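The structure appears right after this line, and notes come after that.
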Amino acid sequence: MGYGVKRERRPGEVICTCGAYGFPHRWLGGRCDGSALAEATFEAFRGCKDCWFYDKQHHLCDVVEGREAATRCPAVEERMLYEGAKR
Ligand SMILES: [Zn+2]
């Protein structure tokens, strides 16, 4: 990317800074599975009350626990739709 050149962001191209890579990467690209967003959402809401992946009794999220794919998390799905991002 050249100095001062603003590259047009392509639809579906979301930059992610989660721990999957040590540098900013394309969201849902390669090792990035979107679970960071699921985890952040779970923490922000202190459990996702109405989500079917939320285990109220044990205060666990199936996505955060790795039992479900992060792309099935409603928060991740919603962002994928909003951004037009693909796995
Ligand atoms: Zn990521």
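Bear in mind these aren't lab numbers, they're just calculated from the coordinates by the rules spelled out. Only a predicted model underlies this, so the values are computations on that prediction, with no experimental measurement involved. No Cβ is skipped: glycine too gets one built from the backbone with ideal geometry, and neighbour counts run over all protein chains shown.
Observations
- Pairs with Cβ under 8 Å, 6+ apart, first in region 62-87 and in contact (Cβ under 8 Å) with a residue 60 or more places away in the chain and buried (at least 17 other Cβ atoms within 10 Å of the Cβ), second among the basic types (Lys, Arg) and not in a loop (DSSP other than H, G, I, E, B): Ala85/Arg79
- Residue within region 48-55 that is more than 27 Å from Gly30 (Cβ to Cβ) and of a type in the set (A, V, I, L, M, F, W, C) present: yes
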